[in-house]
1. Taking the condition of being in contact (Cβ under 8 Å) with a residue 24 or more places away in the chain and open to solvent by less than 40 Å² (accessible area, probe 1.4 Å), how many residues in segment 98-113 meet it?
2. Collect the residues in segment 139-158 that are farther than 15 Å from Pro85 by Cβ and without any contact (Cβ under 8 Å) to a residue 60 or more places away in the chain, keeping them in residue-number order.
3. When Arg183 is evaluated against the numbered criteria (1) more than 22 Å from Lys24 (Cβ to Cβ); (2) among the charged types (D, E, K, R); (3) open to solvent by 40 Å² or more (accessible area, probe 1.4 Å); (4) out of contact with any Asp or Glu (no Cβ under 6 Å at 6 or more places or on another chain), which criterion, by number, is the only one it fails?
4. Please work out which one of (1) touching a residue at least 24 places away in the same chain (Cβ under 8 Å); (2) closer than 29 Å to Phe181 by Cα; (3) open to solvent by less than 30 Å² (accessible area, probe 1.4 Å) is the condition Glu72 fails and give its number.
5. Can Ser148 be described as surrounded by 13 or more Cβ atoms within 10 Å (Cβ to Cβ), within 17 Å of the chain's Cα centre (by Cα) and not β-branched (Val, Ile, Thr)?
6. For the structure I just gave you, tell me whether Val169 is in contact with a helix residue (DSSP H, G or I) (Cβ under 6 Å, 6 or more places away or on another chain) and either crowded, with 18+ Cβ neighbours inside 10 Å or closer than 19 Å to Phe15 by Cα (or both).
7. So which residues in segment 8-55 are of a type in the set (Ser, Thr, Tyr), over 25 Å from Asn81 (Cβ atoms) and either open to solvent by 70 Å² or more (accessible area, probe 1.4 Å) or not in a helix (DSSP H, G or I) (or both), if there are any at all?
8. Report every pair of residues separated by at least 6 positions or lying on different chains whose Cβ atoms are under 6 Å apart, first residue within segment 209-222 and farther than 12 Å from Glu168 by Cα and modelled with pLDDT under 95, second open to solvent by less than 60 Å² (accessible area, probe 1.4 Å) and of a type outside the set (A, V, I, L, M).
Amino acid sequence: MAERVKLLGALPSPFVYRVIWALKLKAIPYEFIEEDLTNKSPLLLKYNPVHKQMPVLLHGDKPVCESMIIVEYIDEMWPQNPFLPNDPYERALARFWVKFAEDKGTSVRRMFLAKGEELEKTRKETLEMLQNVEEHGLGEKKFFGGDSIGIADIAFGSVIYWLELIEEVVGEGVIFEAHKFPRLHAWIQNFKQAPIIKENLPDRGWSVTFFKRRREAILAASA
């Protein structure tokens with residue numbers, strides 16, 4: 001009997017959606033256990049005692065933490081529809097762009113709660129990240145790895161989709177403009193229109209409202 005798969009997370013977290021996309025692309029049945037961001041459950045604290053963060057994937061009684069580590073675990077555990085190419089060099093490139101998304105995507109998260117000079121700093125860092133991906137990441141390919149969604153697309157899909165949301169929430173003008181980043185814009189449209197992804201995106205209106213309220217609450221509490 002196959003071990004049951006459970007996903008602990010809160011919506012509309014971009015990190016949780018990375019894992020949702022990976023499970024859906026692999027057609028892996030799973031149970032979603034929704035967590036409360038303000039009141040973390042004993043189950044979450046038990047299975048991620050180090051960081052106490054989401055998402056957590058439970059495969060049987062084995063917990064796997066950190067979104068992109070979970071995605072790679074899923075890819076190794078269920079080899080159908082692979083997220084990494086066979087060629088060692090291409091695999092290294094894919095992992096490079098995952099690492100780049102993890103390192104540089106933090107500017108988008110920091111933009112969410114930034115004001116004044118810090119906001120301008122995060123916008124500048126995000127613009128530099130976008131320029132690097134536009135110039136060096138995609139080339140003329142539909143997705144990072146070619147014609148199908150791979151691990152780098154999952155990593156950047158969460159960064160760029162939530163950047164579009166955060167720009168609307170913060171309301172300080174748009175960085176991610178189509179005429180400045182034509183390759184990235186074509187790529188994110190291809191990504192969002194892929195059937196599995198399209199069926200598993202959060203509602204935009206609800207997400208903007210959620211993040212606006214959360215931003216206001218956090219900024220008010222820190223004032």
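1. Selection size over segment 98-113: 7.
2. Selection gives Glu140, Phe156.
3. (4)
4. Answer for Glu72: the failing condition is (3).
5. Taking the combined requirement at face value, the residue does not satisfy it.
6. When the stated conditions are applied, Val169 passes them.
7. Thr38, Ser41
8. Partner pairs satisfying both residue conditions: none exist.
The values are calculated or read from the model by the stated rules, or taken from the named source; none is laboratory data. Here the structure is a predicted model, which is why all the values come from computation and not from measurement. We place every Cβ from the backbone using ideal geometry, glycine too, and count neighbours over all the protein chains shown. The area values use the complete protein model at the heavy-atom level, side chains included, leaving out ligands, DNA and RNA. Shrake-Rupley method; radii C 1.70, N 1.55, O 1.52, S 1.80 Å.
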